[in-house]
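J.: Below is one structure. I have some questions about it.
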There are 2 protein chains.
Amino acid sequence: MQKLLDLRVPDHGVSLQQLIHDCATTLKYQVKTGHPRFFNQLSCGLDLVSMAGEWLTATANTNMFTYEIAPVFILMENVVLTHMREIIGSEWKNGDSILAPGGSLSNLYAFLAARHKMFPNYKEKGIATIQGQLVIFTSDQSHYSIKSCASVCGLGTDNCVMVPSDDNGRMISSELEKLVIERKNRGHIPFFVSATSGTTVLGAFDPINEVADICDKYGMWLHVDAAWGGGLLLSKKYRHPRLSGVERAQSVTWNPHKLMGALLQCSTVHFKEDNLLMSCNQMSADYLFMQDKLYDVKYDTGDKVIQCGRHNDIFKLWLQWRAKGDDGFEKHMDRLMELTEYLVRRIKEQPDKFYLIMEPEMVNVSFWYIPTRLRTMPHNKHREQELGKMCPVLKARMMQAGTLMVGYQPDDRRPNFFRNIISSAAVTEKDVDFLLSEMDRLGHDL
Amino acid sequence: MQKLLDLRVPDHGVSLQQLIHDCATTLKYQVKTGHPRFFNQLSCGLDLVSMAGEWLTATANTNMFTYEIAPVFILMENVVLTHMREIIGSEWKNGDSILAPGGSLSNLYAFLAARHKMFPNYKEKGIATIQGQLVIFTSDQSHYSIKSCASVCGLGTDNCVMVPSDDNGRMISSELEKLVIERKNRGHIPFFVSATSGTTVLGAFDPINEVADICDKYGMWLHVDAAWGGGLLLSKKYRHPRLSGVERAQSVTWNPHKLMGALLQCSTVHFKEDNLLMSCNQMSADYLFMQDKLYDVKYDTGDKVIQCGRHNDIFKLWLQWRAKGDDGFEKHMDRLMELTEYLVRRIKEQPDKFYLIMEPEMVNVSFWYIPTRLRTMPHNKHREQELGKMCPVLKARMMQAGTLMVGYQPDDRRPNFFRNIISSAAVTEKDVDFLLSEMDRLGHDL
């Protein structure tokens, strides 16, 4: 790749013609994430309305910290975030929300708010005010950003307890309770649980109501990381039972740049309680967020966040929502799930060539491709090892052919397996058929 | 504003015609940050090449965590960030860097790397491993994100010590040493100093060499927050003495979306030592960052950062650098400084109407506008109070007239005063003249 491209930043500027050539070359060699046969990431596809929104966002080139310089966009944030909170639960209407650069930082906001709510002196005095070790809990299938919070914020990753999950990747709530009690017995302070709605690999949904009962019992903050699964809140058909109980959480992460197809980056975090973000994160920078302005300064957001400047991530989402409406998003969700069901059916119809690892709860489909030489072998640990070894080889062939991209990874229970994601509106049944036939074409002789 | 706009997100999608109308209305009522008479923020202007870059970025809609899905952009990051490190200092070539969503998070990365370098067990064990209170130091003029690090990371803001600055807003290094000794005498552990190169309000530069000597003496990490002033590294004329000694730091924040005019967001943080970001932030998410890939996985960046997904902030900067070259950026810096010198000269030529608060080191010009009734009053604390009271009123008139935007704020030494910023390439001497005459037109009767 380095040989194909001229990437130097020069002493003297290049010509306009060269710049246009640079742009063309870049697009040529970049991965086509909007292509209907790109099944590789949680964020796939290219929503044209969202893209138009991002173009206008670039043109308006402003920062989101004050109403003064982003009046229209700040009002849009209020409208869209309030609407999203109402979708989470009716009692969330008067809560608060913020757009953050990615789900990991959204989760960090939730962690910080929880710590501030429970230990208000922490902000000024730090950990010295607390007698005992703070501990947080999440499932062993959760996104690593929860563990990262424990590292960043000074608890240490040893104090992010990974709760075992069942065979479908859902947190086992009785194990959560056991681990909470164990830590309490050691004199620790369990205070935060992150349940995942839509795990990264398997697309599993933790049982929120069961986890919420335990949080109530032991006085812990419940966060729901629905960065991935949150989109299903928009579907009457698929919301329950997956996200049942989400309204009982204190905070929820939900990334429109994933299932909803908004352009990267677009991540939100929501709080049932208002004013918490402000009291948690405000550093009283009076020289930036003055109170004697022409307008109502409650619209300034800069003091609520741990960023100062903040990219405008709202316009593309607002415009997309205007274009689709709630029912357009609902149809989009139902269609993605329907296509996933189609893929599962097609896999089951070809048991010699494909092995479905589990029935999916979401658009993540976990499976192995079986090359000719392994088709008659009984399925056991040994065959799994063999199938796992082939994933990187088959993936490399896909990338060399340039016809298809599907991700693979190992997990705690098994070696490498493929995880297919359908989150692009461009995908059709034909692309699903192609996915399977192309894997077979590229891999049958492995 | 709410009455002028239809901001609802509807049940059913609106028509394409309505969407186009929405876009037009949004642009109409948004603040024109690219206008040559927008002097309000550190990020002003609209570089058209950078904008074209952002449009292509949106179209390519990808994530920066792996080489696999962002091969061209990842290589561009390597080229540009290496070049920026070489500009900081020749011994930085083999260091490491990352693009972060804003200067505040860049500073947080520096803090985390410093803590990890000095206390490698902290990541797993947390604060429990450390005997004594960690303390960080920065000037009382620094950006509030440094204080925020102390809050987020569990030190508490009381353990972010604000070192007094001189009349020009520069950290007093003898005061720093005094405060370090004081904390050491209390059994605390001073470990991190953030010097500012270009403070937010006054544009002051801390004396880096003096601060570096103290850091050497007491074994503390030196971070230079050059989010704002970093652009001057590109100018032979203005780099010294302002940024002299920057190469002695262990980490440097530098935001191309400020003085260099890259579109929002574009912030970088640089480290002299390689591998520190990885060992500090890696959470070993093998299921995302597998080692058995087709390509050299050292190009994957996802495990180096506290985000997971990361917006592509490099293409617009790379394209802009191709267009300008090093010498184009140097000319841009020299021109901004030259215009600032012009503004200062024009202010001094009208001492009845304007009061220059200090000779600027950068493009921040601090001054009061003097309305007719105060022109004969001797300049003392009482007049300063009167001048300060008028800033919000004059600003409100600017915004109602829609002809001009200049920011104001108080500081520790004085009430509200105007801070003018010239960081847009669109500004000319005529706009500077207009700035002063328009303030007089709008404010003379106050």
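J.: Each label point is 7 Å from the Cα along the Cα-to-Cβ direction; what then is the distance between the points at A:ARG383 and B:ASN94, in nm?
T.: In this crude spin-label approximation the distance works out to 5.1 nm.
J.: Please give me the summed charge of the neighbours of A:TYR342: other residues whose Cβ is under 10 Å from its Cβ, Lys and Arg +1, Asp and Glu -1.
T.: On the way: positive: A:ARG345, A:ARG346; negative: A:GLU338, A:GLU341, A:GLU429, A:ASP433.
Neighbourhood net charge equals -2.
J.: Per DSSP H run of n ≥ 4, the term is -39500 (n - 2.57); total these for chain A, divide by its residue number, and report the mean residue ellipticity at 222 nm rounded to 500 deg cm²/dmol. Write down the numbers at each step before the final one.
T.: On the way: 13 runs with 178 residues, N = 446.
Result for chain A: -13000 deg cm²/dmol, rounded to the nearest 500.
J.: Of all DSSP beta bridges in the protein assembly as shown, what percent run antiparallel (nearest 5)? Spell out each step's value before the answer.
T.: Working: 42 of 80 bridges.
Looking only at bridges with both residues in the protein assembly as shown, the antiparallel portion is about 50 percent.
J.: For B:THR129 paired with B:GLU273, estimate the spin-label separation in nm (one decimal), with each label point 7 Å from Cα along the Cα-to-Cβ line.
T.: The modelled label-to-label distance comes out at 1.3 nm.
J.: On to the next question. Need the C-alpha centroid separation for region B:181-236 versus region A:113-184, integer Å.
T.: Centre-to-centre (Cα) distance: 34 Å.
J.: Mind running the shape call on region B:83-148? Use the C-alpha gyration tensor, a ≥ b ≥ c as the square roots of the eigenvalues: rounded below 1.5 for a/c, prolate if a/b tops b/c, oblate otherwise.
T.: Numbers: a/c = 2.13, a/b = 1.40, b/c = 1.52.
Taking the square roots of the gyration eigenvalues as a ≥ b ≥ c, region B:83-148 is oblate.
J.: Can you give me the three principal axis dimensions of region A:377-429 from its C-alpha atoms, in Å, biggest first?
T.: Reported extents, whole Å, longest axis first: 37, 23, 21.
J.: Separate question: For B:VAL79, A:VAL49, A:VAL432, what's the fewest-to-most ordering of other Cβ within 10 Å of each Cβ? Walk me through the numbers before you get to the answer.
T.: Numbers: B:VAL79 17, A:VAL49 20, A:VAL432 24.
Result, fewest neighbours first: B:VAL79, A:VAL49, A:VAL432.
J.: Grab the beta carbon distance between B:MET358 and B:SER284, set R0 = 35 Å, and tell me the FRET efficiency rounded to 0.05. Intermediate results must be reported in sequence, preceding the final value.
T.: On the way: r = 51 Å, r/R0 = 1.45.
Between B:MET358 and B:SER284 the formula returns 0.10.
J.: Sticking with this one: When only Cα pairs under 8 Å and 6 or more residues apart are kept, what is the percent relative contact order across chain B?
T.: Values: 785 pairs, mean separation 92.5, N = 446.
For chain B, the relative contact order is 21 percent.
J.: Assuming a ≥ b ≥ c are the square roots of the Cα gyration tensor eigenvalues, decide whether region B:1-98 counts as rounded (a/c under 1.5), prolate (otherwise, with a/b larger than b/c) or oblate. Write out the running numbers ahead of the final one.
T.: Working: a/c = 3.43, a/b = 1.77, b/c = 1.94.
Oblate shape, in that a/c is at least 1.5 and b/c is the bigger or equal ratio.
J.: A follow-up question, please. Which distance in Å, rounded to a whole number, links the C-alpha centroids of region B:318-366 and region A:241-270?
T.: If we compute the Cα centre of each part, the gap is 44 Å.
J.: How much of the calculated P(r) for region A:321-405 lies past 15 Å, in percent of all Cα pairs?
T.: Details: 2428 of 3570 pairs.
Here the long-distance tail beyond 15 Å is 68 percent of all Cα pairs in region A:321-405.
J.: Further question: Taking a quarter of the surface of the Cα convex hull of region B:262-380, what do you get in nm²?
T.: Details: hull surface 51.9 nm².
Quarter of the Cα hull surface area: 13.0 nm².
J.: Counting other Cβ atoms within 10 Å, which trypsin sites (Lys or Arg not before Pro) in region A:358-416 have at most 16 and lie in a DSSP loop? Walk me through the numbers on the way to the answer.
T.: Details: sites: A:ARG373, A:ARG375, A:LYS381, A:ARG383, A:LYS389, A:LYS395, A:ARG397, A:ARG413; in loops: A:ARG375, A:ARG413.
Answer by residue number: A:ARG375, A:ARG413.
J.: Quantify how strongly other chains surround peptide B:20-27 by giving the mean number of their Cβ atoms within 10 Å of each of its Cβ atoms. All intermediate terms of the calculation are to be shown ahead of the outcome.
T.: Working: counts 1, 0, 7, 7, 1, 1, 10, 4.
If you average over the peptide's residues, the count of other-chain Cβ atoms is 4.
J.: Within 10 Å of each Cβ of B:354-367, how many other protein chain Cβ atoms are there on average?
T.: That average works out to 0.
J.: List the trypsin sites (Lys or Arg not before Pro) within region B:146-247 that DSSP assigns to loop and that have no more than 14 neighbouring Cβ atoms inside 10 Å. Walk me through the numbers before you get to the answer.
T.: Working: sites: B:LYS147, B:ARG170, B:LYS178, B:ARG183, B:LYS184, B:ARG186, B:LYS217, B:LYS236, B:LYS237, B:ARG239, B:ARG242; in loops: B:ARG170, B:ARG186, B:ARG242.
Answer by residue number: B:ARG186.
J.: If all Cα-Cα distances of the protein assembly as shown are sorted into 10 Å bins from 0 onward, what percent lands in each bin, rounded to whole numbers?
T.: 2, 12, 22, 25, 21, 11, 4, 1, 0, 0
J.: Above 37 Å lies some portion of the pair distances; for chain B, what is it as a whole percent of all C-alpha pairs?
T.: 32
J.: So if R0 is 45 Å, what FRET efficiency would B:SER15 and B:GLU429 give, r being the distance between their Cβ atoms, rounded to the nearest 0.05? Walk me through the numbers on the way to the answer.
T.: On the way: r = 47 Å, r/R0 = 1.04.
So, using R0 = 45 Å, E works out to roughly 0.45.
J.: While we're on this one: Taking every residue in A:99-108, how many Cβ atoms of other protein chains lie within 10 Å of its Cβ, on average?
T.: On the way: counts 0, 2, 10, 10, 3, 7, 6, 0, 1, 4.
Counting Cβ atoms of other protein chains within 10 Å of each residue's Cβ and averaging gives 4.
Every number in this text was worked out from the coordinates using simple rules, so none of it is lab data. Please read all numbers here as calculations on a predicted model, not as lab measurements. Please note: Cβ atoms are built from the backbone with ideal geometry, for glycine as well, and neighbour counts cover all protein chains shown.
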